[in-house]
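**Q** Input: one structure, supplied below.
Computed from the coordinates by the stated procedures, all read-outs in this text should not be read as laboratory data. Everything numeric here is computed off the predicted structure, so don't read it as measured data. Glycine also receives a Cβ, built like all others from the backbone with ideal geometry; neighbour counts cover every protein chain displayed.
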Amino acid sequence: MEPTAHSTALPDDPKIRGDIPLEDPVAGREPLVRGGHSFHDITELVCRVNEAPVMKTPRPFMFGIALAGAFFAMFGGYIGYLYWTGPGIWGNNNPVGWAWDIVNFVFWVGIGHAGTLISAILYLFRQKWRTSINRYAEAMTIFAVLAAGSCVALHTGRIWMDYYLFPLPNQMGLWPNFRSPLEWDVFAVNTYLTVSLLFWFTGLVPDFATLRDRTKVRWRQLFYGSLAMGWRGSMRHWEVYEKAYQILAAFSAPLVLSVHTIVSFDFAVSQLPGWHTTIFPPYFVAGAIFSGFAMVQTLMLPAREWLGLKDIVTVKHIENMNKVILLTGSLVGYAYAMEFFVAAYSGNAYEGFTFINRAFGPYWWAYWIMVSCNVITPQLFWFRKFRTSVTASFILSIFVNIGMWFERFVITVTSLHRDALVSSWDYFIPQTEVFFLLGTFGLFFFLFLLFVRFFPVIAMSEVKGVMPQANPHWEGYGH
Amino acid sequence: MHLDLTDVKVVFSLDSDFMVSGPDHLTLARQFGTSRAVNTHEDTEKMKRLYAAEAALTVTGSNADHRLRMASGQGVDVLKALAKALATTQGVDLGELAPAVEGAALDANAAKFVASLAKDLAAHKGQALIIAGERQPAAVHALAFALNAALGASGGAQKVSMGDGAARVSMFDSLSQLTQALNAGQVDTLVMVDVNPVYTAPGSLKFQDALAKAKTVIHAGVWAEETGDKATWHLPLAHFLESWGDARAWNGTASVVQPLILPLFTGRSIVTLMGQLAGEAETSDRKLVEATWRAAGQPLADLKAWRRSLHDGVIKDSARATQPGELKRADVAAAVGPVKGVTPTKDALELVAVHGHAKDGRLTNVSWIMELPESMSKLCWDNAVLLSPALAKELSIESGVRKNAYASDVVELSVDGRTLKAPTFVLPALAPTSLVLVQGYGRQQGEVAKGIGVAVTPLLSNGLGVEQKVKLTKTGATQELCSTQDHFSVPGNPFKQLTFAKMMDEPQGARERMLGLGDRPLFRTASASQWGKDKEFAQKGNVPEELVVLGTPKQQPAKPKQPTDAPIYEGQQWGMTIDLSSCIGCNICAIACVAENNIPAVGREQVMLGREMHWIRVDRYFTGDVDTPTAVHQPVPCMHCESAPCEPVCVVADTGHDEEGLNSMAYNRCIGTRYCANNCPFKVRRYNYLDFTHTGNVYVEPYWKERMTTLKLQRNPDVTVRYRGVMEKCTYCTQRIEEAKIEAKRAGHDRKALKDGAVTPACAQACPTQAITFGNINDLESRVSKLKVSERNYEMLQELNIRPRTSYLARVRNENGELV
């Protein structure tokens, strides 16, 4: 369907579906749900995915879950191999103590941030368009944090001693080192996981109740019933729910900034040229949101296609997210430039060398992959044509994911492989790490696909709240 | 012949590696090294000056103040030219020798070197010495001997002891005779004890073919080795540390050798075996040795003397008498006159087979030795044809750092139909048309040794280890070499003049080289005269204190300068100095540390991945031009920084300071996040990526399980054996500190005030030149405190304000002003 001239096309024209870019603004605010759906339509649209009988799960979906499951199982095997043999199965060496293990950790933690930004900060700023994508993004956050947690838990040499990381009272009277950024990480990531999980779950409760009420299958009734925790939709429930949701949003909002700041401290607190940089906290947070939004796009664009959610997740949403990608991508690009400036301005030979080595040393390819994917390609989003194109958005989101993985690789590995003493310089070559990365993807996608299959991927109750019909004064256009 | 450098001021090393090779190398190294440890500028008068002319870049050559690149074959020319210069310009009377040293042509550079050297030697008559190396023919040694006599070294720096007076046949001649006898069928039964001629015999002898002609071949050895493999019988010998025996040192001092342990396996000692072959009824090696030395009239006949010698390790006053020694000049002239130097060209190259850590192959089967990088090339678990950058360019041989390894073209060398294939390695400072190959590799037998590197012996035709007219052809194959340090790491930027665009045009290796070269004042060096002009030379490269310590000096108390200020510490505080001036780069500290601290050898594959475990390494740097660079050796152990960057980042508070200033590790607590190693600016922390010690509680390979009995015995019981996933590093030999405290307590002394010298870490103990000094820096009278206030004292990476307890004493060179 071609977009009609805007003089005739009203934004809530049921013929104008979610995949058609509209002139903005057309007449008043663009509706967040298109296609003239009623409240019931929304429930149907979202629930039908979850309510399909297990045996009638679409084949491509089954294939996807089996594939992710296979990678997840491989990850289990890989962990066994790691436990059996030791971290020597990676290519890490003496100058390069951290490589893919920490790269993967930062990559996954960073991805999580978009979820929290969308669900908490955009909520507090009353950005109503967030409701169409927040559930998805929050689930992504949780699974990404789990993947990140597994990376960081497995990167130690004696993984069976990881409980030393926690301040558990013990007969030795020993505490972890509260001065170590890694300990701050332990707290940051655990807090993040806990708060995100609570926030996600709280938002899910009304929707679980909807599923409970609709299903006729006993196990589903029990399953959704227990998850719904007795939700009846009473006014009192809603009041408590809204308050709790707001409080949790307030809890989560600072985490968007703090968690990746603390992750950046892992690097910034050290003395290593290339890591010891005060620019890291904002730079990491921008990078995290950048990568997270890209990952939301990567996951959401196919899902809205396959699950038939185009009217709920419209081009408007995609465009908004692309704007955030453009902004954060440019911030990250600015940070890259500023790192070079500071290195040159500091007059510190070691610092200067580190950055020249990044761009022109043996890892030049990683650096230029990073710059092309993170700085150059997102600039296409200055053009509305690209911002509103689903295909372009998807391709660019993949680029950003790759670029952001390489950013962490560049920061971690290129700084370590050539530091102060020339004699210690070495080169890092990955050995079996690719299975580690694929394993975390297996974990992530396996959980994510289960989520898509059994949990409502759109926050139904919230979306209904932002539809024109929810406005008590709504009487259709023309008044 | 005995050399004694005590009173020598000028040494000329002609193709000699006297500091690490030869029976008296430790003495010579100490005499040389300690003379270079000068603590005030006035002391530089006492420094010995070393000139070297050599083909390979030896440890000795790397320590030379002036070094001439010369093919081994040109040695005779250089020495003749030197003799001539001494006679004609310096008025040294050579008498009948004079005509024999005519006619040696040298290029301008060499001529200048020789002229200055002659002047310097003549100016230090009686304090000058020429040392001819093991690769020079007898005639050159004779000429060197005669010149030393002419320079007044006889009886002082150069002495001889006559021994039993028997005429000595060279080992090569003796082996040739044996080969001929074998080929002639004159040998029925051949017994070989603790030798491996099938591997070590020069290829031209075809010893292995000759050996097949003997009816019965009996080989006794600690390992079966190549010879044992070809023998009819192999007899397992006990190791010398399991055997009684006796030995004579270089100067004739006798020693009764005691075993440290009963034979672990069923080997027999050499003494027992020889006794049995000689028909002795007695089979106990102890009794045989005792019977020899305690027989009537022997020095140890008295029981007390015997016990005394066992305690002391040597038999008192048993050194041979020495005398000045004399060679008839006419004989020397007759010997050296006809010898003509050979100048190799790129079509007829010279191959020099040098001795590395593995010696002639006897130590190749020891993983500690294989993992110890060679001093100059830093190759380990591999040997390669070393060649100069110019020659590599001319022959278009590609050899350089590719990613984590050194990728090199494999070449084929051939002489008289004998060939060998070997990888190449470009090393600065080599003679332009000489190839250098380290001996002892390419073994066919030995659990560790088998298959490592290439054997050079098949190419050789003489006992000197020098072959002329070697042809080199590229095979087209490439091979990866294992090296612990990137080659060509040159701090200080000799390529500064290059523009950026030009830099990008350079091939990868060259580009990286340039990128790596910031101005990094990691090691500091000056000539004696520069020191005179600039007393602060060792502090050049330091960042001003006010930039290092937060706040301005007015707001913050300046960093106390121990120990001239009032003590800021309590109790004993350990510290170390490493004297780069006396360090010769021999690597002994590294191997001593391995032995003391149960450091595992990780093997070639793991070293290629960059996971060698050495707690102290000797970094080698070159500065200047690639053809005539200055080399510096810098041993790097843990610096035990007072404000150690590794400590705050450790998540489990595993690494921290003890009250005596040691940065310690609690292995039990370490979970192995590797953050400490990342944050260590000196990169001295070592991580057990795998179960390198084979002590695993998860899984130990059956191969290692079988070897655990002996592996356990090899370990130092005072030092924890580290398991996989744990970080480790230099502890300043904390176990020795504790031992000294226990000793002090037992003796009723204060264990918190140990005497200076009560604790010596393994590296310092083994150092032949005493370059490493360890002690209490809170004791103003300790040796280390006195060195720390030396003008030469500096801290590496001072700008980080981490206050390393290990500091360096800048290297001082004793250059001849004429040659600078």
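**Q** Based on the Cα gyration tensor of region B:585-631, what are the three equivalent ellipsoid semi-axes, each the root of five times an eigenvalue, rounded to whole Å and given largest first?
**A** Sorted largest first and rounded, they come to 26, 15, 7 Å.
**Q** Across region B:612-768, how large is the tail of the calculated P(r) beyond 25 Å, expressed as a percent of all Cα pairs?
**A** Values: 5438 of 12246 pairs.
Percentage above 25 Å: 44.
**Q** Which whole number in µm²/s is D for region A:226-372 by Stokes-Einstein, with the Kirkwood Rh taken over Cα pairs at 37 °C and 0.692 mPa s?
**A** Rounded to a whole number, D works out at 175 µm²/s.
**Q** First obtain the Kirkwood hydrodynamic radius of chain A from its Cα pairs, then insert it into the Stokes-Einstein equation at 20 °C and 1.002 mPa s, and state the resulting D in µm² per second as a whole number.
**A** Working: Rh = 23.8 Å.
Approximately 90 µm²/s, per Stokes-Einstein.
**Q** Considering only Cα-Cα distances, which of the following residue pairs are longer than 32 Å: B:K304/B:K786; B:K112/B:K346; B:K340/B:K393?
**A** From B:K304/B:K786; B:K112/B:K346; B:K340/B:K393, over 32 Å: B:K304/B:K786.
**Q** So, counting K/R as plus one and D/E as minus one, what does the shell of residues with Cβ under 14 Å around A:G329 add up to?
**A** After counting each charged neighbour, the total is +1.
**Q** Against the longest principal axis of chain A, how steep is helix A:134-154, in degrees 0 to 90 to the nearest 10, with axes from Cα atoms?
**A** 20 degrees
**Q** Please find the FRET efficiency linking B:W233 to B:A477, where r is the Cβ-Cβ separation and R0 is fixed at 35 Å, and quote it to the nearest 0.05.
**A** Numbers: r = 39 Å, r/R0 = 1.13.
The formula returns an efficiency of 0.35 here.
**Q** Let me ask something additional. So what is the 222 nm mean residue ellipticity for chain B from helices alone, if each DSSP H run of at least 4 adds -39500 (n - 2.57) and you divide by all residues, rounding to the nearest 500 deg cm²/dmol? Intermediate results must be reported in sequence, preceding the final value.
**A** On the way: 27 runs with 218 residues, N = 820.
Estimated from H runs of four or more residues: -7000 deg cm²/dmol.
**Q** Something else about it: Place +1 on the Cβ of every Lys and Arg and -1 on the Cβ of every Asp and Glu in region B:99-188, take the dipole about the Cα centre, and give the residue among B:G152, B:F172, B:L182 whose Cα lies farthest towards its positive end.
**A** B:G152
**Q** Nearest 10 degrees, 0 to 90: what angle lies between the long axis of helix A:39-51 and the longest principal axis of chain A (Cα atoms)?
**A** Taking Cα atoms only, the helix is inclined about 50 degrees.
**Q** Can you work out the base-10 log of I(q)/I(0) for chain B at q = 0.08 1/Å, using the Debye formula on its C-alpha atoms alone?
**A** -0.77
**Q** Return an integer: the convex hull volume of the alpha-carbon atoms of region A:350-419, in Å³ per residue.
**A** Working: hull volume 4.8 nm³, N = 70.
Convex hull of Cα atoms, per residue: 69 Å³.
**Q** Please list B:234-246, B:276-288 highest first by mean number of surrounding beta-carbon atoms within 10 Å per residue. Mind dumping the intermediate values first?
**A** Details: B:234-246: 18.5, B:276-288: 13.9.
Packing proxy ranking, top to bottom: B:234-246, B:276-288.
**Q** What is the packing order of peptides A:230-238, B:180-188, taking the mean over residues of other C-beta atoms within 10 Å and listing the highest first?
**A** Result, highest mean Cβ count within 10 Å first: B:180-188, A:230-238.
**Q** Further question: Among B:T322, B:G341, B:F425, whose Cα projects farthest towards the positive end of the dipole of region B:290-425, with charges put on the beta-carbon of Lys, Arg (+1) and Asp, Glu (-1)?
**A** Most positive-ward Cα: B:T322.
**Q** To the nearest 20 debye, what charge dipole does the protein assembly as shown have about its Cα centre, counting +1 at the Cβ of each Lys and Arg and -1 at the Cβ of each Asp and Glu?
**A** 1820 debye
**Q** Something else now. Semi-axes of the equivalent ellipsoid of region B:204-275: what are they in whole Å, largest first, if each equals the square root of 5 times a C-alpha gyration tensor eigenvalue?
**A** 28, 17, 10
**Q** Rg/Rh for region B:224-311: what does it come to with C-alpha atoms and Rh from Kirkwood?
**A** Here Rg/Rh amounts to 1.03.
**Q** Further question: Quick one: P(r) of region B:279-365 from all Cα-Cα pairs, 5 Å bins, percents rounded to integers, in order of increasing distance.
**A** Whole-percent P(r) values from 0 Å outward: 3, 9, 9, 9, 7, 10, 13, 11, 9, 9, 7, 4, 1, 0.
**Q** In Å and whole numbers, how far do the C-alpha atoms of region A:64-105 stretch along each principal axis, longest first?
**A** So the extents along the principal axes, rounded to whole Å, are 39, 22, 12.
**Q** Continuing with this model, one more query. Separation between the B:A390 and A:H473 pseudo-spin-labels, each 7 Å from Cα along Cα→Cβ, expressed in nm?
**A** For B:A390 paired with A:H473, the spin-label model returns 9.3 nm.
**Q** Roughly what angle does helix A:235-268 make with the longest principal axis of chain A, taking Cα atoms, 0 to 90 degrees, to the nearest 10?
**A** 20 degrees
**Q** If you rank B:L662, A:L255 by fewest surrounding Cβ atoms within 10 Å, what's the result?
**A** Arranged by neighbour count, lowest to highest, B:L662, A:L255 become B:L662, A:L255.
**Q** Fewest Cβ neighbours within 10 Å first, please rank B:S785, B:S434, A:S119 accordingly.
**A** Taking fewest neighbouring Cβ atoms as first place, the list is B:S785, B:S434, A:S119.
**Q** What is the distance in Å between the Cα centres of region B:583-642 and region A:102-157?
**A** 45 Å
**Q** Output wanted: per-residue J couplings in Hz (rounded whole) for region A:98-111, from phi through Karplus 6.51 cos²θ - 1.76 cosθ + 1.60, θ = phi - 60°, x for Gly and Pro.
**A** Residue by residue, region A:98-111 yields 10, 9, 4, 4, 7, 4, 5, 4, 5, 4, 6, 4, x, 4 Hz.
**Q** Mind checking the mean number of beta-carbon atoms from other chains within 10 Å of the Cβ atoms in A:154-165?
**A** Values: counts 0, 3, 8, 13, 10, 3, 4, 8, 3, 1, 7, 4.
Mean inter-chain Cβ contacts per residue within 10 Å come to 5.
**Q** Which value, in debye to the nearest 20, gives the size of the charge dipole of region A:372-452 about its Cα centre, when Lys and Arg are +1 and Asp and Glu are -1 at the Cβ? Intermediate values should be presented prior to the final figure.
**A** Numbers: 5 positive and 4 negative charges, 104 e Å.
So the dipole magnitude of region A:372-452 works out to roughly 500 debye.
**Q** Rounded to the nearest 500, what is the 222 nm mean residue ellipticity of chain A from helices alone, with -39500 (n - 2.57) per DSSP H run of 4+ residues and division by all residues?
**A** On the way: 15 runs with 288 residues, N = 479.
After summing the helix terms and dividing by the residues of chain A, the value is -20500 deg cm²/dmol.
**Q** Okay, moving on. Expressed as a whole number of Å, what is the distance separating the alpha-carbon centroids of region A:332-395 and region B:739-779?
**A** Taking the Cα centre of each part, region B:739-779 and region A:332-395 sit 54 Å apart.
**Q** Please report the Cα spread of the protein assembly as shown along all three principal axes, rounded to whole Å, starting with the longest.
**A** 129, 70, 68
**Q** Ratio of alpha-carbon Rg to the 2.2 N^0.38 Å globular estimate for region B:328-478, to two decimals, please.
**A** Ratio of Rg to 2.2 N^0.38 Å for region B:328-478: 1.12.
**Q** To two decimal places, what compactness ratio does region B:112-159 give when its Cα radius of gyration is scaled by 2.2 N^0.38 Å?
**A** Working it through for region B:112-159, the quotient is 1.13.
**Q** Hey, another quick one. Treating cross-link reach as a plain straight distance, find the aspartates and glutamates whose alpha-carbon is under 15 Å from the alpha-carbon of B:K316, omitting any fewer than eight places away in the same chain.
**A** Partners found: B:D246, B:D302.
**Q** On to the next question. Might you report the magnitude of the Cβ-based charge dipole of chain B about its Cα centre, with Lys and Arg at +1 and Asp and Glu at -1, to the nearest 20 debye?
**A** Dipole of chain B, to the nearest 20 debye: 480 debye.
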